[in-house]
Amino acid sequence: MANQKMDTHDQLQQHCRSLGHRVPFEYCRSMNTNLPCNKILACWKNILPIDEFISKHYTENEMSVFLAPTKPKLIQIFDLMKKAGDSER
């Protein structure tokens, strides 16, 4: 994996726990404003050396962003409703 490019595994596909269907690795590594999904480690751990891939291609700061725990869904919905209400004003 020494000289591996970022897009080396892009055509591999895996079931997405969030979307409920198969998606290419490219989606998983870029869906979060060009950062990986926060579930990338769990979803790809049995298929790729994902820890090595992540540490090679992302900075510590980037990793802290996409590996941070997500808010519960209900809180996310309330946040989106508040944001939509604020934008109407």
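The values are calculated or read from the model by the stated rules, or taken from the named source; none is laboratory data. Because the structure is a prediction, the values reported are computed rather than measured. Positions of Cβ are generated from backbone atoms using ideal geometry, with glycine treated the same way; all protein chains shown enter the neighbour counts.
Suppose the filter is part of a loop (DSSP other than H, G, I, E, B) and either loosely packed, with under 11 Cβ neighbours inside 10 Å or not hydroxyl-bearing (Ser, Thr, Tyr) (or both); does Asp7 pass it?
Yes, satisfied.
Mind listing whichever residues of segment 48-74 are of a type outside the set (Gly, Ala, Ser), at pLDDT 90 or above and exposed (fewer than 11 other Cβ atoms within 10 Å of the Cβ)?
Correct list: Thr59, Glu60, Asn61, Leu74.
Before we move on, is Met63 of a type in the set (A, V, I, L, M) and free of Cβ contacts under 8 Å to residues at least 24 places away in the same chain?
When the stated conditions are applied, Met63 passes them.
Just to check your reading of the model, which residue among Lys73, Lys39 is out of contact with any Phe, Trp or Tyr (no Cβ under 6 Å at 6 or more places or on another chain), among the basic types (Lys, Arg) and more than 20 Å from Gln11 (Cβ to Cβ)?
Only one candidate passes the filter, namely Lys73.
Within the set of pairs 6+ apart or on separate chains, which have a first residue in segment 17-45 that is within 18 Å of Lys71 (Cα to Cα), a second that is exposed (fewer than 14 other Cβ atoms within 10 Å of the Cβ) and of a type in the set (A, V, I, L, M), and C-beta atoms under 8 Å apart?
Pairs found: Arg17/Ala42; Asn38/Ala68.
I'm checking my understanding of the structure. Among residues of segment 10-37 that are under 9 Å from the mean Cα position of the chain (by Cα) and either charged (D, E, K, R) or part of a helix (DSSP H, G or I) (or both), which one is farthest from Thr59 (Cα to Cα)?
Going through the qualifying residues, I end up with Tyr27.
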